[in-house]
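Bear in mind these aren't lab numbers, they're just calculated from the coordinates by the rules spelled out. This is a predicted model, so every value here is computed, not measured. Methodologically, a virtual Cβ is constructed for each residue, glycine included, from the backbone with ideal geometry; neighbour enumeration extends over all protein chains shown.
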Amino acid sequence: MNILVVEDEQKVAAFLKNGLEEQGHSVDVAYDGVMGEKLALRKEYHVILLDVILPLANGLDVCRRIRQVKPTVPILMLTALDTTDDKVTGFDAGADDYLVKPFEFKELLARIKALSKRNTTTNNTVEDNTNMLRVGDLQLDLNKKVAIREGAVIQLTAKEFALLEFLMRNKGRVVSRPEIAERVWEVTFDTGTNVVEVYMNILRKKIDKDFSHRLIHTRIGLGYVMQEEA
């Protein structure tokens with residue numbers, strides 16, 4: 001895989017580069033946010049490892065700008081900031097995963113593998129209908145990682161895709177905010193944060209806004225449900 005490491009601590013960056021290259025990956029390194037953003041937008045990467053606290057440009061701002069141009073590239077945030085609010089901020093910026101320093105290298109490899117699998121698309125010419133979820137006129141292609149509604153392809157980030165997949169797999173069932181947070185973000189739900197609401201609003205704009213009827217419905221005090229009728 002082609003991996004971009006954006007990390008200002010040169011010892012940490014060298015450790016990551018050497019370790020990943022020993023695993024057979026091709027690794028580019030940027031030591032500040034500006035160069036990291038330039039590389040991320042100029043080249044194609046399977047995964048981007050992005051520190052939060054960087055010189056010249058904050059990692060969160062860099063993540064947001066990358067997302068505007070490349071909505072599906074997997075981004076793993078690396079940071080010493082470890083509170084739930086810190087993680088939510090990272091997810092709000094568009095990160096797909098969050099790894100707190102210090103971490104075990106084998107855990108990093110596992111996270112990279114999971115992100116790359118999630119983002120892998122199939123080149124098979126034969127459509128595998130068993131890898132397609134459907135709710136009404138909405139289809140979710142688990143191979144190509146895209147949503148399709150009324151023939152229109154809807155591009156999703158990895159986290160948006162995971163959220164939509166969770167809702168569609170539970171169609172007709174009300175799922176609570178804590179359940180969504182724990183299953184999609186793998187974090188304990190904090191009532192003081194609104195990450196679930198933020199992502200649900202983003203998803204609704206993509207899935208429901210320009211279509212004749214809504215599929216994602218709010219159940220006040222309970223959570224959300226995906227179904228054809230309100």
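Structure data summary
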item: Mean Cα-pair separation over length for the chain, i.e. relative contact order, pairs under 8 Å, 6 or more apart, %; result: 13
item: Those aspartates and glutamates that a straight Cα-Cα span of less than 13 Å connects to LYS106, excepting residues fewer than 8 apart in one chain; result: GLU22
item: Region 129-226: relative contact order in percent, alpha carbon pairs under 8 Å with at least 6 residues between; result: 25
item: Net charge contributed by nearby residues that have their C-beta within less than 10 Å of GLY223 (K/R +1, D/E -1); result: +2
item: Computed lengthening from LYS144 to GLU197, 0.36 nm per intervening residue step minus Cα-Cα distance; result: 16.5 nm
item: Cross-link partners of LYS206 among lysines (Cα-Cα below 22 Å; sequence separation of 8 or more within a chain); result: LYS70, LYS144, LYS145, LYS159, LYS171
item: Difference of contour (0.36 nm per residue) and Cα-Cα distance, SER176 to ASP208; result: 9.5 nm
